[in-house]
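First up is the structure itself, then whatever we jot down about it.
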Amino acid sequence: MKDIIEEIREKFQYLFNYSLDLIYINDLKGNFLDANDIALETLGYTREDLPSLAFKDVVEKEDLVKAYTKTEETVEFGRSSGRTEYKVKKKNGDFIYIDAYPIPLFKDGKVYAILGVGKDITESKLAEQKMMESEKKFRHLFESSPFMIILMNMEGKIVDFNKKLISFTGYKKKDLLNKDFRELNKVIPLNFEAISVKKFKEVLKKGSIEPVDLQYYNKNGKLTWIRAQASLVEIENEKFIQTMIYDISKEKEAEQMIIQELEKLKDLDQIRKDLISRVSHELKTPIMSIFGSSELLLEIFKDQLGNDALELVEIIDRGVKRLMILVDHLLDTSKIEFRKIDLSFEEANLSKIIRESVFDMMHFINERQITLNLELPETFLISIDKIRIGQVITNLLSNAIKCTPPKGEITINLQDINNSAIISVKDTGVGLTKSELNRIFTRFGKIERYGEGLEYIDIQGSGLGLYISKEIVELHNGHISAVSRGRHKGSVFTVIIPKK
């Protein structure tokens, strides 16, 4: 055996010394006879270990049969049948992977030993295993996804899809696999214009496309809505177009129901607007008749009426005045909704308008013994619709009076700040909660406040005054707001109207 090893070493000395591969020699029973330094270093053995080493010591058990079989085949046929991968154990117990092929060594026409040439492929093998694990995870996600997934190559042919697509559409694998998506309209009755060449080019250029809603008939003829979204993905260094498809039939049904309900609401809202407008106009005539009659009775026939009759006429007069205010508010609301409020701008003295509004409300101010503070310049010229702005001031003052307790205080302030008229109406009344602040400027946003300590609040009103005031101020390109620190802490209403 020593002679054989020396003969082999002499014959293959150049290969042993200069090869970058793992070189080893084994006899026909799998015992190692020699190995180059690279092979020994890779496995962690010394040359002294070689006489006691055999296949069974280094080759993993599941690969042992493969190693012996490869040796037998090489002896029988006198040549190698190709490369083989082996899992090999190093001296320290770690494993590496070797890709090797055998070369038969002949003497007197017979194979007497095998020269093996191998490469350490551990790094690539582990990378491959990771890739396989990754592919396994991907396949699991692919198949378990609640969405339909289609993979297309860069030419637009379908190369894979998950089971969800088959179960959802009712089509078989042969109907879809390897089909060009542009030809699918021959298989599936679907408007593919929406996802055709333009969208295909878009995803190639941008990497993804926005979701597209499509309607199609499934295998059973049922009309179905789907949403498709595509993006570029990379699998094993190869690019594909991944299309994810969602069933949105229920979503579309819900949308349709919402649209129908909205149409009904629009119809009802239009009916409401028409009703308010017509009723308001119809009420105007009889109310004016009642108002004219009550005023006539009070002015001309007051001395001819007994006390009881006079009291009744005064009740009628107060009631009809409230009705007139309500009808005027309803008419203004109707005009706002139909966008028929026309403003007549002219230069006016805003201070004078505020004083006139205060004068009209003095009866109610005195009745409650409210202290009124006016902080106004003598003259404040601004281009406004003076009738409409007067209406806003009256609404704000009326609101303050109703919500301020007897012997309370109201302050009206007017300033010119940043070329805008700033009007504030401050009271020491009931105040506003956060939820009430969110409602006061809405249509019919009347706030009902009852309970102990709130008996002084005048609960009469339609809840339209502040809503109309807001619209009038905004038609002047202005802004109205309210602040309050809470219940019983008063409130401040502020109107900002820019000068023109």
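The values are calculated or read from the model by the stated rules, or taken from the named source; none is laboratory data. Remember, it's a predicted structure, so these values are computed and weren't measured experimentally. Positions of Cβ are generated from backbone atoms using ideal geometry, with glycine treated the same way; all protein chains shown enter the neighbour counts.
State which residue pairs qualify: first residue among the polar types (S, T, N, Q) and inside the stretch 475-488, second residue not in a strand (DSSP E or B) in any location, beta carbons under 7 Å apart, and separation of 6 or more residues or different chains.
Ser484/Gly431; Ser484/Leu432; Ser484/Leu437; Ser484/Gly490
Looking only at the stretch 128-143, which residues are of a type in the set (S, T, N, Q) and at pLDDT 70 or above?
So the first thing to find is which residues in the stretch 128-143 are of a type in the set (S, T, N, Q), and the list is 129, 134.
Hit for the stretch 128-143 is Gln129, nothing else.
Can you tell me which residue among Ile422, Ile472, Ile459 is modelled with pLDDT of 85 or more and touching a helix residue (DSSP H, G or I) at 6+ places or on another chain (Cβ under 9 Å)?
Numbers: Ile422 fails: touching a helix residue (DSSP H, G or I) at 6+ places or on another chain (Cβ under 9 Å); Ile459 fails: modelled with pLDDT of 85 or more.
Just one listed residue meets the conditions, Ile472.
To keep it simple, each residue is scored yes or no on (1) closer than 19 Å to Ile121 by Cβ; (2) out of contact with any Phe, Trp or Tyr (no Cβ under 6 Å at 6 or more places or on another chain); (3) at pLDDT 90 or above; (4) not in a helix (DSSP H, G or I).
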{"residue": "Glu6", "(1), (2), (3), (4)": "no, yes, no, no"}
{"residue": "Asn17", "(1), (2), (3), (4)": "no, yes, no, no"}
{"residue": "Glu62", "(1), (2), (3), (4)": "yes, yes, no, no"}
{"residue": "Tyr86", "(1), (2), (3), (4)": "yes, yes, yes, yes"}
{"residue": "Tyr101", "(1), (2), (3), (4)": "yes, yes, yes, yes"}
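Please verify whether Glu448 is modelled with pLDDT under 85 and among the charged types (D, E, K, R), treating the condition exactly as stated.
Details: modelled with pLDDT under 85: yes; among the charged types (D, E, K, R): yes.
The answer is yes for Glu448.
So for the stretch 52-59 (the condition being surrounded by 16 or more Cβ atoms within 10 Å (Cβ to Cβ) and touching a residue at least 40 places away in the same chain (Cβ under 8 Å)), does at least one residue qualify?
So far as the stretch 52-59 goes, no, none of its residues is surrounded by 16 or more Cβ atoms within 10 Å (Cβ to Cβ) and touching a residue at least 40 places away in the same chain (Cβ under 8 Å).
Can you spot a residue in the stretch 111-125 that is within 44 Å of the chain's Cα centre (by Cα) and not acidic (Asp, Glu)?
Yes, there is a match, as at least one residue in the stretch 111-125 is within 44 Å of the chain's Cα centre (by Cα) and not acidic (Asp, Glu).
Which of the residues that make up the stretch 72-83 are surrounded by fewer than 18 Cβ atoms within 10 Å (Cβ to Cβ) and either assigned to a strand (DSSP E or B) or in contact (Cβ under 8 Å) with a residue 12 or more places away in the chain (or both)?
Our first condition is that a residue be surrounded by fewer than 18 Cβ atoms within 10 Å (Cβ to Cβ); within the stretch 72-83, this holds for 72-73, 75-79, 81-83.
Val75, Gly78, Arg79, Gly82, Arg83 - these are the residues of the stretch 72-83 that are surrounded by fewer than 18 Cβ atoms within 10 Å (Cβ to Cβ) and either assigned to a strand (DSSP E or B) or in contact (Cβ under 8 Å) with a residue 12 or more places away in the chain (or both).
Please go through the stretch 126-184 and give me each residue that is of a type in the set (S, T, N, Q) and part of a loop (DSSP other than H, G, I, E, B), ordered by number.
The initial filter retains those residues of the stretch 126-184 that are of a type in the set (S, T, N, Q), namely 129, 134, 144-145, 153, 162, 167, 169, 178.
Residues satisfying the conditions are Ser145, Asn153, Asn162, Asn178.
Could you run through the stretch 35-46 and say how many residues are over 17 Å from Asp120 (Cβ atoms) and either buried (at least 21 other Cβ atoms within 10 Å of the Cβ) or outside the structural domain of Asn92 (by TED's automatic domain parsing) (or both)?
Narrowing the stretch 35-46 to residues over 17 Å from Asp120 (Cβ atoms): 46.
Now narrow it down to the ones that are either buried (at least 21 other Cβ atoms within 10 Å of the Cβ) or outside the structural domain of Asn92 (by TED's automatic domain parsing) (or both): none.
Matching residues across the stretch 35-46 total 0.
Here is a check on your reading of the model: is Ser52 at negative phi and modelled with pLDDT of 90 or more?
Working: at negative phi: yes; modelled with pLDDT of 90 or more: yes.
For Ser52, the condition - at negative phi and modelled with pLDDT of 90 or more - is met.
Read through the list (1) of a type in the set (A, V, I, L, M, F, W, C); (2) at pLDDT below 80; (3) exposed (fewer than 14 other Cβ atoms within 10 Å of the Cβ), then give the number of the only condition that Leu177 fails.
Among (1) of a type in the set (A, V, I, L, M, F, W, C); (2) at pLDDT below 80; (3) exposed (fewer than 14 other Cβ atoms within 10 Å of the Cβ), Leu177 violates only (2).
Okay, residues lined up against (1) among the charged types (D, E, K, R); (2) at pLDDT 85 or above; (3) out of contact with any helix residue (DSSP H, G or I) (no Cβ under 9 Å at 6 or more places or on another chain):
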{"site": "Lys201", "(1), (2), (3)": "yes, no, yes"}
{"site": "Trp225", "(1), (2), (3)": "no, no, no"}
{"site": "Asn237", "(1), (2), (3)": "no, no, yes"}
{"site": "Gln242", "(1), (2), (3)": "no, yes, yes"}
{"site": "Tyr246", "(1), (2), (3)": "no, no, yes"}
{"site": "Gln256", "(1), (2), (3)": "no, no, yes"}
